[in-house]
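Here's the structure, in structure tokens; my notes come after.
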Amino acid sequence: MPVYARYEFEDSVHYGLVNEGKISELCGGLFDPPVPTGREAALGDVKLLAPCEPPKMLAVGLNYRSHLGSRPAPNVPGIFYKPVSSIQSPGGPIVIPEGATDVHYEGELVVVIGKTVSKATREEAAASVFGVTCGNDVSDRNWQRGDGKDLQWWRAKGSDTFSPFGPFIVTGVNYADLALETRLNDEVVQSQRTSDLIFDVPEVVRFISQWVTLVPGDIIFSGTPGETRRMKAGDVVEVVIEGIGTLSNPVQ
């Protein structure tokens with residue numbers, strides 16, 4: 001299972017393959033044939049960045065029954081956009097913006113598209129997935145659905161730093177059945193398997209592609225399980241997915 005990272009080392013940014021605590025620099029971009037340059041570095045000596053630069057980001061709401069509460073299960077995936085300006089790298093701070101009063105974590109499996117896909121079948125949708133990573137769909141509940149509710153979720157889920165993802169993109173893993181945990185200050189606050197998604201990854205990709213063409217590098221947050229709660233400055237939130245790794249971000 002190749003494991004990809006995007007990182008900064010010696011004042012330049014590279015893609016690399018991760019293996020046994022080392023990262024091997026690659027020629028070209030994420031979707032080019034993986035040809036090593038011959039340069040290696042220890043993971044501890046590099047700065048890990050968000051593992052790709054998506055042209056666009058989409059997300060699915062209400063995609064685990066454990067997150068529905070009293071709400072009925074949706075008939076189709078509930079899709080929304082997140083702006084690319086909200087991306088945060090692994091280890092970077094989630095900054096609670098001015099006026100935000102109820103900012104929550106949402107640990108999620110994130111899908112990375114590797115092939116252009118439009119009006120796909122399920123099989124074509126599945127074949128378009130390059131790999132998966134960890135993500136945190138940070139959300140202010142007041143701006144999302146409270147007294148301060150906006151017309152759209154432009155700042156509730158799209159404020160600067162509200163879309164951490166990484167640290168790695170893993171290919172070839174069975175993303176249909178992985179353990180997902182979110183930890184807040186080392187306490188497990190979310191725990192579920194991706195097999196419990198209401199709409200699985202191929203269906204989400206297929207559905208989106210009927211109206212919006214997906215291109216290499218696009219990412220999709222697939223939904224969060226269980227209940228969430230407010231974060232505060234000084235907290236540390238981690239999203240841990242089996243076979244992928246740990247996405248850790250301090251809150252400030």
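Only the coordinates and a few stated rules stand behind these numbers; no lab work does. Keep in mind that this is a model prediction, so the values were computed, not measured. Counting neighbours? That spans all protein chains shown, and the Cβs are built from the backbone with ideal geometry, glycine included.
For the reader, a short list of remarks on this structure follows.
- By other beta-carbon atoms within 10 Å, ranking 197, 43 with the fewest at the front produces 43, 197.
- Compared with the alpha-carbon gap, the fully stretched path from residue 22 to residue 35 is longer by 3.1 nm at 0.36 nm per residue.
- The range 1-118 shape via C-alpha gyration tensor axes, a/c threshold 1.5: prolate
- The range 1-144: relative contact order as a whole-number percent, Cα under 8 Å and 6+ apart: 16 percent
- The label point for residue 145 and the one for residue 115, both projected 7 Å from the Cα toward the Cβ, are 3.7 nm apart.
- Label-to-label distance for residue 122 and residue 65 is 1.8 nm, based on points extended 7 Å past Cα in the beta-carbon direction.
- Summing Cβ point charges (Lys, Arg +1; Asp, Glu -1) relative to the Cα centre of the range 124-252 gives a dipole of roughly 360 debye.
- Prolate/oblate/rounded label for the chain (Cα gyration tensor, a/c 1.5): oblate
- Relative exposure of 175, 64, judged by other C-beta atoms within 10 Å (fewest first): 64, 175
- Inter-probe distance in nm under a simple model that places probes 7 Å from Cα toward Cβ, at residue 210 and residue 13: 3.5 nm
- Percentage relative contact order, the range 52-250, counting C-alpha pairs under 8 Å, at least six apart: 35 percent
- Residue-span extension gain [residue 229 to residue 246] - 0.36 nm each, minus C-alpha spacing: 4.2 nm
- Whether the range 146-193 is rounded, prolate or oblate, judged on the alpha carbon gyration tensor where a/c under 1.5 counts as rounded: prolate
- Cross-linked pairs 82/149; 119/149; 56/119: Cα-Cα separations exceed 22 Å for 119/149.
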